[in-house]
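**Student:** One structure, as structure tokens, below. Some questions next.
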Amino acid sequence: MDAGVMGSGTRPDTALSARTASSHAAAWALRSAVAADLEMIAELRATVMRADLERLGRYDDQRVRQRLRDSFSPRYTSIIMLDRELAGCVTVRPAEGRQWLEHFYLAAHCQGRGLGSAVLRTVLERTDAQGLTVGLNVLQGSGARRLYERHGFVVEAQDEIDVFMMRPPGAVPDTRA
């Protein structure tokens, strides 16, 4: 799950205007990532993914951070700000004829409040407007899979570690969940 919230590889230099994530979440905004954000995002990734990676027997304290460092691109990454504080990040990058949603992490204290859905809706509105399919992978057993399914993602393939999902442009979200 890991470029800014756009599909063309370009994005505005200014953050998106604040939105209300839910009645329980305060105003949030996206700002462009900069190189100096790298270690903060690597630490966030390690914290957020630890339980799922440990459950799968795949957690390595150094590797979890290095994988982010190896793929980090400020060009495609946005920082999620909540009340002027870091709440997470999201990367959307073009690859393999679609947009790949990567490095979508929210700090634990920001989860379960509608913020993830609000950010994902914003990302998908932009890719839908461009007629682009979005792909991602999520760890087996991760609770994040439910978020993606609610927003129209379906399973394409899976193995013992990863579930690969895709969402065609304009997929109708599941409003029952």
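Here, each number is a calculation from the coordinates, and none is a lab measurement. In this text the structure is predicted, and so the values were computed from the model without any measurement. With ideal geometry, Cβ positions are generated from the backbone for all residues, glycine too; neighbour counts draw on all protein chains shown.
**Student:** Please state the relative contact order of segment 66-112 as a whole percent: Cα pairs under 8 Å, 6+ residues apart?
**Tutor:** Taking the mean separation of contacting Cα pairs over the length of segment 66-112, I get 26 percent.
**Student:** Further question: Let's see if you can work this out: charge +1 on each Lys and Arg Cβ, -1 on each Asp and Glu Cβ, no other charges. What is the dipole magnitude of segment 68-154 about its Cα centre, in debye to the nearest 20? Intermediate values should be presented prior to the final figure.
**Tutor:** On the way: 11 positive and 8 negative charges, 13 e Å.
Roughly 60 debye, rounded to the nearest 20.
**Student:** Considering segment 34-87, what Rg and Dmax in Å follow from its alpha-carbon atoms?
**Tutor:** 12.1, 36
**Student:** What are the ³J(HN,Hα) couplings of segment 81-95, residue after residue, when phi is run through the Karplus curve with 6.51, -1.76, 1.60 and θ = phi - 60°? Round to Hz, x for glycine and proline.
**Tutor:** These are the phi-based 3J(HN,Hα) values: 10, 10, 6, 6, 10, 5, 10, x, 8, 8, 10, 10, 10, x, 6 Hz.
**Student:** For segment 97-156, what does the alpha-carbon gyration tensor say about shape, rounded, prolate or oblate, given a ≥ b ≥ c as the root eigenvalues, a/c under 1.5 as rounded, and a/b over b/c as prolate?
**Tutor:** oblate
**Student:** Something else now. Would you mind counting up the charge near Gln158? Only other residues with Cβ under 14 Å from its Cβ, with Lys and Arg at +1 and Asp and Glu at -1.
**Tutor:** -4
**Student:** DSSP loop GluC sites (Glu not before Pro) in segment 61-137 with at most 16 other Cβ atoms within 10 Å of their Cβ, which ones?
**Tutor:** Answer in residue order: Glu96.
**Student:** Oh, and also: Going by amide H atoms built from the backbone, whose H comes under 5 Å of the H on Thr133, apart from near neighbours?
**Tutor:** Under 5 Å from the amide H of Thr133 lie the amide H atoms of Gln99, each far enough along the sequence or on another chain.
**Student:** Starting at the first residue of segment 129-140, write each ³J(HN,Hα) from the Karplus equation 6.51 cos²θ - 1.76 cosθ + 1.60 with θ = phi - 60°, in whole Hz, x for Gly and Pro.
**Tutor:** Coupling constants for segment 129-140: 4, 9, x, 9, 7, 10, x, 7, 10, 9, 5, 3 Hz.
**Student:** What residues have an amide H closer than 5 Å to that of Asp162, excluding those fewer than 5 places away on the same chain, when H is modeled at 1.01 Å from N in the peptide plane?
**Tutor:** For Asp162, the qualifying residues are Gln140.
**Student:** If you take the C-alpha gyration tensor of segment 69-177, multiply each eigenvalue by 5 and take the square root, what semi-axes do you get, largest first, in whole Å?
**Tutor:** Those come to 20, 17, 16 Å.
**Student:** Between Ala36 and Ala51, what is 0.36 nm times their sequence separation minus the Cα-Cα distance? Round to one decimal in nm.
**Tutor:** Once the chain is fully extended between Ala36 and Ala51, it gains 2.8 nm.
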